[in-house]
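J.: First, the structure itself, so that you have it in front of you.
Derivation of every value follows stated rules applied to the coordinates shown; laboratory data play no part. It should be emphasised that the depicted structure is a prediction, and the values quoted were computed from it without experimental measurement. All Cβ positions, even for glycine, are placed from backbone atoms using ideal geometry, and neighbour counts span all protein chains on display.
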Amino acid sequence: MSEITQNAIFAREVQRRVDDLIAWIVENSPDKEHQLSISNFRDVRQTLFGLATNGSNVLQHIEPEPEQGGAQYINDNPAPWP
């Protein structure tokens, strides 16, 4: 697996985990009077994603997920040597 692909997979996983954490924070905030929203965490998301990608746009180098219109199956096994 190439370094770009590994970095992209790592960046996508960081993004997913940060989004899950933010969603949990918004849902479980004890202060209902001053309810948090996802938009309160925009800068945090950008900073963490920038750190995960080391400032590069590695996600442009990988295929989209099936729910994003990508292929259901991608054969990444190399062909046998002739």
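J.: Please identify every one of the trypsin sites (Lys or Arg not before Pro) in the stretch 1-47 that sits in a loop by DSSP and has no more than 11 other beta carbons within 10 Å of its own beta carbon. Don't jump to the answer; show the numbers that get you there.
T.: Details: sites: ARG12, ARG16, ARG17, LYS32, ARG42, ARG45; in loops: LYS32.
The qualifying sites are LYS32.
J.: For TRP24 and THR47 in the same chain, what is the full-extension length gain: residue separation times 0.36 nm, less their Cα-Cα distance, in nm? Before the final figure, lay out the partial values.
T.: Values: separation 23, 0.36 × 23 = 8.28 nm, distance 1.89 nm.
Between TRP24 and THR47, full extension yields 6.4 nm more.
J.: Do any GluC sites (Glu not before Pro) in the stretch 1-41 lie in a DSSP loop with no more than 10 other beta carbon atoms within 10 Å, and if so, which?
T.: Working: sites: GLU3, GLU13, GLU27, GLU33; in loops: GLU33.
Those satisfying the criteria are GLU33.
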